[in-house]
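Q: Pasting a structure here, questions to come.
Any read-out appearing in this document is the output of simple, stated calculations on the displayed coordinates, not a laboratory observation. Keep in mind it's a predicted model, so treat the numbers as computed, not measured. So basically every Cβ, Gly included, is an ideal-geometry build from the backbone, and we count neighbours across all protein chains shown.
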Amino acid sequence: MTSNASINQRLTDMGLVLPTPPEPVACYVPAVISAGHIHVSGQIPLKDGQLMATGPVPTKVTIEQAQAAARQCAINAIAVLAGCVDGDLDRIQQIVRLGVFVQCEAGFADQPIVANGASELIGDLFGASGRHARAAVGVNALPLNATVEVELMARFA
Amino acid sequence: MTSNASINQRLTDMGLVLPTPPEPVACYVPAVISAGHIHVSGQIPLKDGQLMATGPVPTKVTIEQAQAAARQCAINAIAVLAGCVDGDLDRIQQIVRLGVFVQCEAGFADQPIVANGASELIGDLFGASGRHARAAVGVNALPLNATVEVELMARFA
Amino acid sequence: MTSNASINQRLTDMGLVLPTPPEPVACYVPAVISAGHIHVSGQIPLKDGQLMATGPVPTKVTIEQAQAAARQCAINAIAVLAGCVDGDLDRIQQIVRLGVFVQCEAGFADQPIVANGASELIGDLFGASGRHARAAVGVNALPLNATVEVELMARFA
């Protein structure tokens, strides 16, 4: 048993149920595997078919709501990862990089706090294997008016 | 003949003529090869030396015009790829990831439709090898006031 | 001695003193190593604990100031790289990709000029090994209200 050999159990312990990963839409797909890495497309905070948060922080969405949305983006990204490794998340060796885009008003400065919603979920779930590089930025608009979008790269075996 | 062995022919069939890839500008270059992957710098919708679309969607540029601009960004990125494989696009094994930035008004929600202009061109040209991961986001400004910027990563042999 | 075998000396010749790389903050870390590449998290223009530039270009920050800020982001990223190779920057084989985010007013078009502050520093320091792919975009907001954020990927031995 490696130090990483209990991710699926931890998922259960954390009460997380992964959604069915989205279907490929035409030529653009939820994830591509290349050279031992999984590149997950930008995920928005869909939960049970609904966006958890739309519009900019902090005028339409609070920082706390945006954090929860970032966490949901991460859950959706992990569901895509799971689909790439036959559901066995112990095969994920390292979460390498997160790109976090936060829809916000001009001059909003707390993208890192919002992005922590995604980063902490990943840290809690994957432990040392979940320690990732990150670029978090603000933007004025996102697909379907989502408040947060998260893309992810991971190495797997 | 592999399933991927006709990209240059398909290019011709689709009536696409690749532009000359841009010259390196100082220390920043159109593409870098590392570990079997080509990383293409962000491409803007230059065609015959002119930007096809400038300013934000949807106030200054329609979604359809922005789609065409995204398609042109993809053509320019493919021209850079071609330059990295001695013009033989059959050596491209997989388009791995697209980053698509759409200059738009705050709250604009149709970045995926705009980005499909790039994704569909790549799918039409490369087939299964063209199925890519993607992050599409909105931004308030882009280089030279371009409406779209597309960066790309691909694996090659 | 390889053509790359004097980066630390060049650092001295250029009068550059690398800062101590930032400490890991929880589950998100300054850099992750995967498959021979170092992925450096987004760096902001911190110098001696202070941001060199905050707010958007060109209304609150001039292009020249933003360039200097981009240069500082690159210095901070190089400090993180140095920490990953025991201080021996000669082990950096290639700076592969820079992602440059410039906080700016809508329609600002000179992100490439701002980003050159980072690219030229890297070119001056690493020579041919510093020739990188780049995506430079504008955004309406960045962490801590920083004017520029730079993320970086490099291959090392």
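Q: Please list the three semi-axes, largest first and in whole Å, of the ellipsoid equivalent to the stretch C:51-156, using sqrt of 5 times the eigenvalues of its alpha carbon gyration tensor.
A: Values: eigenvalues 128, 33, 22 Å².
In descending order the semi-axes read 25, 13, 11 Å.
Q: Just to check I understand the Karplus step: with θ = phi - 60° and J = 6.51 cos²θ - 1.76 cosθ + 1.60, what whole-Hz values come out for the stretch B:110-126, glycine and proline as x?
A: 9, 4, x, 5, 4, 5, 4, x, 7, 5, 6, 4, 5, x, 4, 7, 9
Q: Which residue of chain B is nearest the rotation axis onto chain C, counting by its Cβ, and what is the distance in whole Å?
A: With distances in whole Å, chain B gives B:Asn140, 3.
Q: In whole Å, what three semi-axes, largest first, describe the equivalent ellipsoid of the stretch C:1-112 built from its Cα gyration tensor (square root of 5 times each eigenvalue)? Each step should come with its number before you reach the end.
A: Values: eigenvalues 142, 56, 40 Å².
One finds semi-axes of 27, 17, 14 Å for the stretch C:1-112.
Q: Related question: Once R0 is set to 41 Å, what does the formula 1/(1 + (r/R0)^6) return for the Cβ-Cβ distance between A:Lys47 and C:Lys47, expressed as a FRET efficiency to the nearest 0.05? Could the numbers behind the result be given before it?
A: Values: r = 41 Å, r/R0 = 1.01.
About 0.50, to the nearest 0.05.
Q: If I model a spin label as a point 7 Å beyond the Cα along the Cα-Cβ vector, how far apart are those points for B:Glu64 and A:Val85 in nm?
A: 4.6
Q: For C:Glu105, what residues show an amide H to amide H distance below 5 Å, using hydrogens built from the backbone and excluding near sequence neighbours?
A: Residues meeting the criterion, in which the H sits 1.01 Å from N, are C:Val57, C:Thr59.
Q: Lys and Arg at +1, Asp and Glu at -1: add these up for the other residues within a Cβ distance under 14 Å of B:Gly36 and post the number.
A: Values: positive: B:Arg91, B:Arg155, C:Arg155; negative: none.
Result for the local shell: +3.
Q: For the protein assembly as shown, what is the percent of antiparallel DSSP beta bridges, rounded to the nearest 5? Display every interim value, and only then the final one.
A: Values: 69 of 96 bridges.
Here the antiparallel bridges make up roughly 70 percent for the protein assembly as shown.
Q: Taking the Cα centroid of the stretch C:115-149 and of the stretch A:2-80, what is the distance between the two, rounded to the nearest whole Å?
A: 29
Q: Any idea what angle helix A:63-84 forms with the longest principal axis of chain A, computed on alpha-carbon atoms, 0 to 90 degrees, nearest 10?
A: 30
Q: For the protein assembly as shown, state the semi-axes of the equivalent ellipsoid (square roots of 5 times the eigenvalues of the alpha-carbon gyration tensor), sorted largest first and rounded to whole angstrom.
A: Equivalent ellipsoid semi-axes, largest first: 28, 28, 25 Å.
Q: Mind listing the label-point distances from C:Gly87 to the same position on all other copies, shortest first, one decimal in nm, points 7 Å along Cα→Cβ?
A: In nanometres, ordered from closest: 5.1, 5.1.
Q: Mind listing the label-point distances from C:Thr59 to the same position on all other copies, shortest first, one decimal in nm, points 7 Å along Cα→Cβ?
A: 1.2, 1.2
Q: Around C:Leu152, which amide H atoms from residues at least 5 apart in sequence, or from another chain, sit under 5 Å from its own amide H, with H modelled in the peptide plane?
A: Placed amide hydrogens put C:Val40, C:Gly99 under 5 Å from C:Leu152.
Q: Moving to a separate point now. More than 16 Å apart: what percent of Cα pairs in the stretch A:87-131 qualify? Show your work: numbers first, answer last.
A: Numbers: 451 of 990 pairs.
When every Cα pair of the stretch A:87-131 is considered, 46 percent fall beyond 16 Å.
Q: Just need the relative contact order of the stretch C:72-157 here, percent rounded to a whole number, with Cα pairs under 8 Å and 6+ apart.
A: On the way: 130 pairs, mean separation 40.9, N = 86.
Contact order relative to length: 48 percent.
Q: Ratio of Rg to Rh for the stretch B:106-155, alpha carbon only, Kirkwood?
A: On the way: Rg = 12.2 Å, Rh = 12.2 Å.
That ratio equals 1.00.
Q: Specify, per residue and in Å³, the volume enclosed by the convex hull of the alpha carbon atoms belonging to the stretch A:40-96.
A: On the way: hull volume 5.5 nm³, N = 57.
That works out to 96 Å³ per residue.
Q: For B:Gly36, place a label point 7 Å out from Cα along the Cα→Cβ vector, do the same in each other copy, and report the separations in nm, one decimal, smallest first.
A: Those separations, rounded to one decimal, come out as 1.0, 1.0 nm.
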